[in-house]
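What follows is a single structure, written as structure tokens, with notes after it.
The values are calculated or read from the model by the stated rules, or taken from the named source; none is laboratory data. Please read all numbers here as calculations on a predicted model, not as lab measurements. Cβ: placed from backbone, ideal geometry, glycine included. Neighbour counts: every protein chain shown. Only protein heavy atoms, including side chains, enter the accessible area calculation; ligands, DNA and RNA are left aside. Shrake-Rupley method; radii C 1.70, N 1.55, O 1.52, S 1.80 Å.
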Amino acid sequence: MKAAIVSTGSYLPERRVHNDDLARIMDTSDEWIFSRTGIRYRHIADESEAASDLAVQAATRALERSRTKADQLDMIILATSTPDFMGLPSTAAIVQDRLQAGKAAAMDVVAACSGFVYALDTARAFIESGSAARILVVGSEVYSKILNWDDRTTAVLFGDGAGAVVVEAVPDDHGSCIAQAILRAEGAGAETLYRSHGGTRYAYVPGQTHESELKLQMDGRAVYMFAVRAVGAVIQELLERESLVFDDVDWVIPHQANVRILTETAKRRGYDLDRFYVNIEQVANTSAASIPIALDEMVSTGKLTRGMRIMTVGFGSGLTYGGTIIRW
Ligand code: COA
């Protein structure tokens, strides 16, 4: 048995915020943000919306498109670093209830912006082992609620959103499948992108813990350098494993963090930048949701069609990174 993505879905919160809107509340500008990152807009969830709400919307669309009933799902794997509740219960369990996926196991995957790639490869492994036949994989994030809005170096980079795919068991000779996957971590870089306080290492202490310590903190330059190295390494290893050259790949769908990371990777490795799908201008960095949102957008606009060979590449906090080769 192999595993194939049979449908996609996505959801972006209604509120769309331009760089100029941010420039009204912090010391920044459209020119700075766009030239440094390629970002112009991001969607921001309203106060009542949590990760599970976005996930349910994206998942419902993906299920409808493959005519899958929620009670046919064996498992829901949800990648998020902005869960509804801290640590427990999983956001996947909340989605399982909301979808009425009566026989589905449910678990979260925490691998930040690599989360979707980690979750997708987990789904592939369950399906190829015969333990599951139909799995819903979701990336859903509400970063707006963990950002320090007084820190212009991080606040301008992220947006909210969710993307979902249905992964099914298919025969070995089926045209579509997840053909290769690489998952890696470099935990020594844990503190380059993290929330330092509020966990069990530095628990929240009333009167002592500063609010900013509960929010996302980042060493932007270190993350940038890691990302350029990781994206290039994953693409190269995936190509070697399948005995391919870059031109054999129709699209690379990278995690959308910063267009400069992609430009620099393409330049260093001699890859054609036009093969990288980029939608960061419209949605900013939606972490674990960015790749499935991009996949859904590409399917909807006819850019991604059956038979194509694509790569997904994720990288982020952990530090973690990874990628897949998919026969669409
Ligand atoms: N608006 C205006 N100025 C800003 C700003 C903003 N939003 N954010 C930072 N600056 C300022 C800095 O304060 C600094 O000013 P100074 O020179 O007076 O101290 C100046 O811009 C340059 O800052 P620097 O951090 O050197 O910019 P940079 O060119 O390295 O770009 C990032 C910063 C964050 C865009 C870049 O490091 C990056 O993209 N890193 C990767 C981040 C990422 O993608 N994280 C998620 C990975 S999943």
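So here's what we get for this one:
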{"quantity": "Test: PHE85 is assigned to a helix (DSSP H, G or I) and open to solvent by 40 Å² or more (accessible area, probe 1.4 Å)", "calculated": "no"}
{"quantity": "Checking THR263 against (1) open to solvent by less than 70 Å² (accessible area, probe 1.4 Å); (2) more than 16 Å from the ligand (Cβ to nearest atom); (3) without any contact (Cβ under 8 Å) to a residue 12 or more places away in the chain; (4) within 30 Å of ALA45 (Cβ to Cβ), the condition it does not meet", "calculated": "(2)"}
{"quantity": "In the range 157-210, the residues that are among the charged types (D, E, K, R) and under 30 Å from ALA70 (Cβ atoms)", "calculated": "ASP160, GLU168, ASP172, ASP173"}
{"quantity": "Residue in the range 18-35 that is open to solvent by 70 Å² or more (accessible area, probe 1.4 Å) and at pLDDT below 95 present", "calculated": "no"}
{"quantity": "Residues being in contact with a helix residue (DSSP H, G or I) (Cβ under 7 Å, 6 or more places away or on another chain) and crowded, with 18+ Cβ neighbours inside 10 Å - total across the range 1-12", "calculated": "8"}
{"quantity": "Hits in the range 245-260 (condition: assigned to a loop (DSSP other than H, G, I, E, B), open to solvent by less than 30 Å² (accessible area, probe 1.4 Å) and either away from the ligand (no atom under 16 Å from the Cβ) or in contact with a Pro (Cβ under 7 Å, 6 or more places away or on another chain) (or both))", "calculated": "VAL249"}
{"quantity": "Selection count, the range 48-69, where residues are more than 22 Å from the chain's Cα centre (by Cα) and either within 15 Å of the ligand (Cβ to nearest atom) or not hydroxyl-bearing (Ser, Thr, Tyr) (or both)", "calculated": "2"}
{"quantity": "Which numbered condition ILE33 misses (of (1) β-branched (Val, Ile, Thr); (2) in a helix (DSSP H, G or I); (3) within 27 Å of LEU99 (Cβ to Cβ))", "calculated": "(3)"}
{"quantity": "Residue count, the range 298-320 (criterion: under 18 Å from PHE158 (Cβ atoms) and either in contact with an Asp or Glu (Cβ under 9 Å, 6 or more places away or on another chain) or not in a loop (DSSP other than H, G, I, E, B) (or both))", "calculated": "6"}
{"quantity": "Breaking point among (1) in contact (Cβ under 8 Å) with a residue 24 or more places away in the chain; (2) more than 10 Å from the ligand (Cβ to nearest atom); (3) surrounded by 17 or more Cβ atoms within 10 Å (Cβ to Cβ), for ARG275", "calculated": "(3)"}
{"quantity": "In the range 148-160, residue farthest from the ligand (Cβ to nearest atom) [restricted to those that are assigned to a loop (DSSP other than H, G, I, E, B) and within 17 Å of the chain's Cα centre (by Cα)]", "calculated": "GLY159"}
